[in-house]
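The values are calculated or read from the model by the stated rules, or taken from the named source; none is laboratory data. What you see is a predicted model, and the numbers here were worked out from it, not measured in a lab. Note: ideal-geometry Cβ built from the backbone for every residue, glycine included; neighbour counts use all protein chains shown.
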Amino acid sequence: MENEDSFLCPECGGEEPYIVTEVSTVYDPDDPVSAVLEWISCKQCHAEIPAHIAERWNNITIEQAQKEWRDTYREPSQTERFDEAAEMFYDKFGFTPFFNGMSHHDMLLNSFIDRVNKAVEMNDPDIDISEYFPDGQNL
């Protein structure tokens, strides 16, 4: 069922899976997430990707996998807010506010997004956001 190329993260392009999680759910025809029984965490960005997308089952293309990920499974409001905050941070300081050890979920937290926005607003790329980075290393 899986594509010969195996894992490819539709979020960041990472090629290495980190954790595979199998779940039991109650199927709800109105909720596509309820049909996903296997999730794979990307080692690079820590996004939780449905296995059928990350492994491109039934020979779907990378473009099809990315589209399904963005249209169906990615959390749009948080992702859009984070993307906007990261873009403004990059435009102002020339680097992105990503750190090793930070999960994709943590990056999407409102408080983190608010701090990134505050760093831009205060013109302070060194604003304290260390509580979000367990190893404290800037990529």
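Can you tell me which residue within the range 17-43, out of those that are farther than 20 Å from Asp71 by Cα and of a type outside the set (Ser, Thr, Tyr), is surrounded by the fewest Cβ atoms within 10 Å (Cβ to Cβ)? Ranking the candidates gives Val26 first. Do we have any residue at all in the range 54-67 that's touching a Phe, Trp or Tyr at 6+ places or on another chain (Cβ under 7 Å) and touching a residue at least 24 places away in the same chain (Cβ under 8 Å)? Yes: the range 54-67 contains one or more residues that are touching a Phe, Trp or Tyr at 6+ places or on another chain (Cβ under 7 Å) and touching a residue at least 24 places away in the same chain (Cβ under 8 Å). Does Thr72 meet the test of being among the polar types (S, T, N, Q), free of Cβ contacts under 8 Å to residues at least 40 places away in the same chain and over 30 Å from Met122 (Cα atoms)? Spelling it out, it is not the case that Thr72 is among the polar types (S, T, N, Q), free of Cβ contacts under 8 Å to residues at least 40 places away in the same chain and over 30 Å from Met122 (Cα atoms). Every condition in (1) exposed (fewer than 15 other Cβ atoms within 10 Å of the Cβ); (2) modelled with pLDDT of 75 or more; (3) charged (D, E, K, R); (4) within 21 Å of Gly14 (Cβ to Cβ) is met by Asp114 except one, and the failing one is (4).
For the range 38-75, name all the residues that are outside any helix (DSSP H, G or I), among the small types (Gly, Ala, Ser) and touching a helix residue (DSSP H, G or I) at 6+ places or on another chain (Cβ under 6 Å). Even if it seems obvious, please write down each step before you answer.
First, the residues of the range 38-75 that are outside any helix (DSSP H, G or I): 38-50, 55-56, 60-61, 74-75.
The next check asks that each one be among the small types (Gly, Ala, Ser); those that pass are 41, 47.
Passing the criteria: only Ala47.
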